[in-house]
Amino acid sequence: MRLALEEAILAFSEGEVPVGAVLVSEDVVVARAHNTRESSKDPTAHAEMIAIRTAAEKGSSWRLTEATLYVTKEPCIMCAGSMVNARLGRLVYGCKDEKGGAVDSLYKLLSDRRLNHQVEVISGVLEEECAEMLIKFFKERR
(Lines give C-alpha, C1' and ligand atoms only; values in the text may rest on other atoms or scores of the structure.)
Protein backbone atom coordinates (compact mmCIF):
# COMPACT_ATOMS: atom_id res chain seq x y z
CA MET A 1 0.00 0.00 0.00
CA ARG A 2 2.95 2.31 0.58
CA LEU A 3 3.82 2.03 -3.13
CA ALA A 4 0.22 2.87 -4.02
CA LEU A 5 0.48 5.94 -1.77
CA GLU A 6 3.62 6.99 -3.67
CA GLU A 7 1.58 6.81 -6.86
CA ALA A 8 -1.20 8.88 -5.26
CA ILE A 9 1.39 11.53 -4.33
CA LEU A 10 2.45 11.66 -7.99
CA ALA A 11 -1.17 12.14 -9.02
CA PHE A 12 -1.56 14.93 -6.46
CA SER A 13 1.55 16.71 -7.78
CA GLU A 14 0.14 16.50 -11.31
CA GLY A 15 -3.22 18.00 -10.31
CA GLU A 16 -5.00 14.66 -10.60
CA VAL A 17 -7.28 13.19 -7.95
CA PRO A 18 -4.71 11.42 -5.74
CA VAL A 19 -5.45 7.76 -6.20
CA GLY A 20 -2.67 5.25 -6.67
CA ALA A 21 -2.66 1.56 -7.52
CA VAL A 22 -0.08 -1.21 -7.51
CA LEU A 23 -0.70 -4.69 -8.91
CA VAL A 24 1.37 -7.54 -7.47
CA SER A 25 1.58 -11.10 -8.74
CA GLU A 26 3.72 -13.79 -7.13
CA ASP A 27 5.34 -11.16 -4.88
CA VAL A 28 6.46 -9.10 -7.89
CA VAL A 29 5.18 -5.62 -8.66
CA VAL A 30 3.74 -5.99 -12.15
CA ALA A 31 2.19 -2.53 -12.54
CA ARG A 32 2.11 0.84 -10.81
CA ALA A 33 -0.28 3.61 -11.78
CA HIS A 34 -2.08 6.73 -10.66
CA ASN A 35 -5.05 8.68 -11.96
CA THR A 36 -4.37 10.52 -15.22
CA ARG A 37 -7.87 11.51 -16.32
CA GLU A 38 -7.10 15.22 -16.55
CA SER A 39 -3.77 14.95 -18.37
CA SER A 40 -4.87 12.18 -20.74
CA LYS A 41 -8.41 13.53 -21.19
CA ASP A 42 -9.54 9.93 -20.78
CA PRO A 43 -12.48 9.30 -18.44
CA THR A 44 -11.34 5.69 -17.95
CA ALA A 45 -7.80 6.64 -16.84
CA HIS A 46 -8.32 5.63 -13.22
CA ALA A 47 -5.31 4.20 -11.41
CA GLU A 48 -6.95 0.77 -11.15
CA MET A 49 -7.81 0.59 -14.85
CA ILE A 50 -4.29 1.56 -15.91
CA ALA A 51 -2.71 -0.99 -13.54
CA ILE A 52 -5.01 -3.78 -14.73
CA ARG A 53 -4.37 -2.99 -18.41
CA THR A 54 -0.62 -2.83 -17.85
CA ALA A 55 -0.54 -6.11 -15.95
CA ALA A 56 -2.63 -7.90 -18.59
CA GLU A 57 -0.36 -6.60 -21.37
CA LYS A 58 2.76 -7.80 -19.52
CA GLY A 59 1.36 -11.19 -18.64
CA SER A 60 0.46 -14.23 -20.65
CA SER A 61 -3.27 -13.79 -20.07
CA TRP A 62 -5.92 -11.21 -19.28
CA ARG A 63 -6.87 -13.31 -16.26
CA LEU A 64 -5.34 -11.95 -13.05
CA THR A 65 -6.57 -14.66 -10.68
CA GLU A 66 -3.28 -14.86 -8.78
CA ALA A 67 -2.83 -11.08 -8.51
CA THR A 68 -3.49 -8.58 -5.75
CA LEU A 69 -4.35 -4.98 -6.53
CA TYR A 70 -3.54 -2.37 -3.88
CA VAL A 71 -5.51 0.87 -4.25
CA THR A 72 -5.61 3.91 -1.99
CA LYS A 73 -9.37 4.48 -2.38
CA GLU A 74 -12.36 2.19 -2.72
CA PRO A 75 -12.90 1.55 -6.44
CA CYS A 76 -15.81 2.91 -8.46
CA ILE A 77 -18.30 0.87 -10.50
CA MET A 78 -16.13 0.93 -13.64
CA CYS A 79 -13.01 -0.21 -11.84
CA ALA A 80 -14.80 -2.86 -9.76
CA GLY A 81 -16.40 -4.20 -12.94
CA SER A 82 -13.02 -4.50 -14.63
CA MET A 83 -11.70 -6.39 -11.60
CA VAL A 84 -14.49 -8.92 -11.99
CA ASN A 85 -13.84 -9.15 -15.74
CA ALA A 86 -10.09 -9.61 -15.16
CA ARG A 87 -10.82 -12.33 -12.57
CA LEU A 88 -8.67 -10.45 -10.06
CA GLY A 89 -7.70 -12.57 -7.07
CA ARG A 90 -7.65 -9.94 -4.33
CA LEU A 91 -8.24 -6.24 -3.80
CA VAL A 92 -6.67 -4.37 -0.91
CA TYR A 93 -7.80 -0.78 -0.52
CA GLY A 94 -7.25 2.12 1.85
CA CYS A 95 -10.21 4.40 2.48
CA LYS A 96 -13.87 4.08 1.60
CA ASP A 97 -15.57 6.24 -1.02
CA GLU A 98 -18.99 6.95 0.44
CA LYS A 99 -20.09 8.81 -2.71
CA GLY A 100 -18.97 6.37 -5.39
CA GLY A 101 -17.55 3.21 -3.89
CA ALA A 102 -18.65 0.00 -5.58
CA VAL A 103 -16.98 -2.50 -3.23
CA ASP A 104 -18.49 -1.72 0.18
CA SER A 105 -20.05 1.75 0.31
CA LEU A 106 -22.75 2.06 -2.38
CA TYR A 107 -22.49 -1.28 -4.12
CA LYS A 108 -20.90 -4.64 -3.39
CA LEU A 109 -19.91 -5.70 -6.90
CA LEU A 110 -16.88 -7.76 -5.92
CA SER A 111 -18.89 -10.04 -3.65
CA ASP A 112 -22.08 -10.24 -5.74
CA ARG A 113 -22.83 -13.95 -6.21
CA ARG A 114 -24.91 -13.18 -9.31
CA LEU A 115 -21.68 -12.39 -11.17
CA ASN A 116 -19.36 -15.04 -12.57
CA HIS A 117 -16.43 -14.10 -10.31
CA GLN A 118 -15.96 -12.73 -6.81
CA VAL A 119 -12.85 -10.94 -5.58
CA GLU A 120 -11.42 -11.28 -2.09
CA VAL A 121 -11.41 -7.84 -0.42
CA ILE A 122 -9.34 -6.38 2.39
CA SER A 123 -10.22 -2.81 3.32
CA GLY A 124 -8.93 -0.13 5.66
CA VAL A 125 -5.19 -0.60 5.02
CA LEU A 126 -3.44 2.71 5.81
CA GLU A 127 -6.94 4.16 5.78
CA GLU A 128 -6.13 7.44 7.51
CA GLU A 129 -3.16 8.25 5.28
CA CYS A 130 -5.15 7.48 2.15
CA ALA A 131 -8.14 9.56 3.29
CA GLU A 132 -5.99 12.50 4.42
CA MET A 133 -4.45 12.87 0.98
CA LEU A 134 -7.88 13.03 -0.68
CA ILE A 135 -9.19 15.48 1.92
CA LYS A 136 -6.18 17.74 1.42
CA PHE A 137 -6.52 17.61 -2.36
CA PHE A 138 -10.19 18.60 -2.37
CA LYS A 139 -9.71 21.30 0.29
CA GLU A 140 -7.07 22.93 -1.93
CA ARG A 141 -9.41 22.74 -4.95
CA ARG A 142 -12.33 24.49 -3.21
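The values are calculated or read from the model by the stated rules, or taken from the named source; none is laboratory data. Everything quoted here is computed from the prediction, not taken from an experiment. A quick note on method: Cβ atoms are made from the backbone with ideal geometry, for glycine too, and the neighbour counts reach across all protein chains shown. Side chains included, ligands, DNA and RNA excluded: accessible areas come from the protein's heavy atoms. Shrake-Rupley method; radii C 1.70, N 1.55, O 1.52, S 1.80 Å.
Test THR68 against the criterion of being more than 18 Å from PHE137 (Cβ to Cβ), among the β-branched types (Val, Ile, Thr) and assigned to a helix (DSSP H, G or I), and give yes or no.
no
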TODO: Specify the residue that is nearest to GLY100 (Cα to Cα); the eligible residues are those in region 1-44 that are in contact with a Phe, Trp or Tyr (Cβ under 8 Å, 6 or more places away or on another chain) and β-branched (Val, Ile, Thr).
DONE: VAL17
- [ ] State all residues of region 9-63 that are open to solvent by less than 20 Å² (accessible area, probe 1.4 Å), part of a loop (DSSP other than H, G, I, E, B) and closer than 17 Å to MET78 by Cα; if no residue qualifies, say none.
- [x] VAL19, ASN35, ALA45
TODO: Among the numbered conditions (1) within 20 Å of ARG37 (Cβ to Cβ); (2) at pLDDT 95 or above; (3) out of contact with any helix residue (DSSP H, G or I) (no Cβ under 7 Å at 6 or more places or on another chain), tell me where MET133 comes up short.
DONE: (3)
- [ ] Quick one: which residue in GLY59, GLY100 is farther than 16 Å from SER123 by Cα and not charged (D, E, K, R)?
- [x] GLY59
Task: Test: residue in region 75-87 that is within 15 Å of VAL19 (Cβ to Cβ), part of a strand (DSSP E or B), of a type in the set (S, T, N, Q) and open to solvent by less than 30 Å² (accessible area, probe 1.4 Å) - done: no
Open item on the list: It is to be established whether one or more residues within region 118-140 are of a type outside the set (A, V, I, L, M, F, W, C), at negative phi and either assigned to a loop (DSSP other than H, G, I, E, B) or surrounded by 19 or more Cβ atoms within 10 Å (Cβ to Cβ) (or both).
Closed with: yes
Open item on the list: Whether any residue in region 52-68 is under 22 Å from MET133 (Cα atoms) and at pLDDT 95 or above is what I want to check.
Closed with: no
Task: Some residue of region 41-51 being charged (D, E, K, R) and more than 21 Å from LEU110 (Cα to Cα) - done: yes
Open item on the list: Restricting to region 96-114, name every residue that is basic (Lys, Arg) and either open to solvent by less than 30 Å² (accessible area, probe 1.4 Å) or more than 17 Å from VAL84 (Cβ to Cβ) (or both).
Closed with: LYS96, LYS99
